[in-house]
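S.K.: I have a structure I would like to understand better, so I am pasting it below and will then ask my questions one at a time.
The values are calculated or read from the model by the stated rules, or taken from the named source; none is laboratory data. If you're wondering where the values come from, they're calculated on a predicted model, not measured in any experiment. Cβ placement follows ideal geometry from the backbone for every residue including glycine, while neighbour counts extend to all protein chains displayed.
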Amino acid sequence: MAPLTSARRLVIKIGSALLVDRSTGALRSDWLEGLALDVAWLKSAGVQVALVSSGSIALGRGALNLPATDLALEQSQAAAAVGQIRLARAYEEVMAPHGITTAQVLMTLEDSRDRRRYLNSRATLEQLITLGALPIVNENDTVATDEIRFGDNDRLAAQIAATIGADMLVLLSDVDGFYSANPNDDPTATRYAVIDKITPQIEAQAGDAGSGLSKGGMKTKLMAAKTATAAGCAMAICHGAALRPLTALENGSNATWFTATLDPQAARKRWIAAMKPRGTITLDDGAMRALLNGNSLLPAGVHVVSGAFGRGDPVSIAGPDGHQLGLGLSRYTAEEAQKIKGHHSADIEGLLGYPGRAALIHRDDMAL
């Protein structure tokens, strides 16, 4: 696979067993310092980095003297509330010497299922990355219930990678790749170096063995790989115990890479193009030319708004003659779009009574 430094945008998932000492429940500070060195190295090479980090429940459990396993839901939520503070502080302290500003982002499954929440999450993460900050994402275990949980940070990491258009995802785990069988039980098990397609045979070889601190087994990692590769993001499973785990991966340590056939932008455009529009936005000549030149759609270029759509819904984009140019995800409701059409972005707050985004449809949210 291509080196990590060739990635435009990289998501790194960190398992609990790497961050937290299983016997004491304490943070592994030396490991975290090594990770910080790796993140600083990648960012200095021009790679945009986001972390998806487990560990809040494991840290909070130790602080509250809760048992290591079989926590009730309310105990897990209490542990997460205590552990999130400790985890965020640890990341802030270890990244600061490298001049890296950290940001905590807590999410639930509903934040990716609901289009409005999805767009909000995407916009926030994009802004943080654009400003040079390091987003550290975790499932919001203090409020999440079984109905709104990702259930594991492997799948959350894949969803974050798809959300921000990452081209690489690395799962730092307690295993060094995907095997034909559980290597702890079967001495003949072999590790795959590269998997180009997740076949039924590959799925049948996945087991559920996870460590005592982490929830994810190989089945969840395969689910993550499906999500990531479908979004144009290559994914690696590798052992993360080394003090410089990403440097070790760059230097050829054991791993399994899942390849992606599309780039992230192409995959996103295909996803948008397959949606059913909920309305139509008709442009004037100037706006049509701007879109065809790769620009976002601003309210000033909108001539007609029709249909009933909400924020985040797909809408058809039509030229002045009514010919469909493509589809896009609206950043405003149909009612809001009616009010701001034909006006400059600077007028949005006065028209709506609250500040809004400059673009009605961002160029990354349309398929022409």
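S.K.: Could you look through the stretch 135-168, keep only residues that are hydroxyl-bearing (Ser, Thr, Tyr) and surrounded by fewer than 22 Cβ atoms within 10 Å (Cβ to Cβ), and pick out the one that is modelled with the lowest pLDDT?
M.R.: Per the stated criteria, the residue is 145.
S.K.: Hey, another quick one. What do you reckon, is residue 300 assigned to a helix (DSSP H, G or I), more than 21 Å from residue 164 (Cβ to Cβ) and in contact with a helix residue (DSSP H, G or I) (Cβ under 9 Å, 6 or more places away or on another chain)?
M.R.: Yes.
S.K.: Name every residue in the stretch 1-17 that is crowded, with 20+ Cβ neighbours inside 10 Å and more than 20 Å from the chain's Cα centre (by Cα), in order of residue number.
M.R.: Scanning the stretch 1-17 gives a single hit, 17.
S.K.: Look at the stretch 56-90 and say how many of its residues are of a type in the set (Lys, Arg) and either crowded, with 18+ Cβ neighbours inside 10 Å or in contact (Cβ under 8 Å) with a residue 24 or more places away in the chain (or both).
M.R.: Within the stretch 56-90, residues that are of a type in the set (Lys, Arg) and either crowded, with 18+ Cβ neighbours inside 10 Å or in contact (Cβ under 8 Å) with a residue 24 or more places away in the chain (or both) number 2.
S.K.: Of the numbered conditions (1) surrounded by fewer than 19 Cβ atoms within 10 Å (Cβ to Cβ); (2) out of contact with any Gly (no Cβ under 7 Å at 6 or more places or on another chain); (3) part of a helix (DSSP H, G or I), residue 116 satisfies every one except a single condition; which is it?
M.R.: (2)
S.K.: Another question about this same structure. Could you tell me which residue of the stretch 91-112 is surrounded by the most Cβ atoms within 10 Å (Cβ to Cβ), considering only residues that are in contact (Cβ under 8 Å) with a residue 24 or more places away in the chain and among the aliphatic types (A, V, I, L, M)?
M.R.: Ranking the candidates gives 95 first.
S.K.: Please go through the stretch 119-134 and pick out each residue that is in a helix (DSSP H, G or I), buried (at least 16 other Cβ atoms within 10 Å of the Cβ) and out of contact with any helix residue (DSSP H, G or I) (no Cβ under 6 Å at 6 or more places or on another chain).
M.R.: Within the stretch 119-134, 119, 126, 128, 129 qualify.
S.K.: Still on this structure, I have one more. For the stretch 169-287, list the helices (runs of 4 or more DSSP H) that sit wholly inside it and hold at least 1 residues that are within 19 Å of the chain's Cα centre (by Cα) and either buried (at least 16 other Cβ atoms within 10 Å of the Cβ) or of a type in the set (Ser, Thr, Tyr) (or both); which are they?
M.R.: 218-230, 245-250, 264-273
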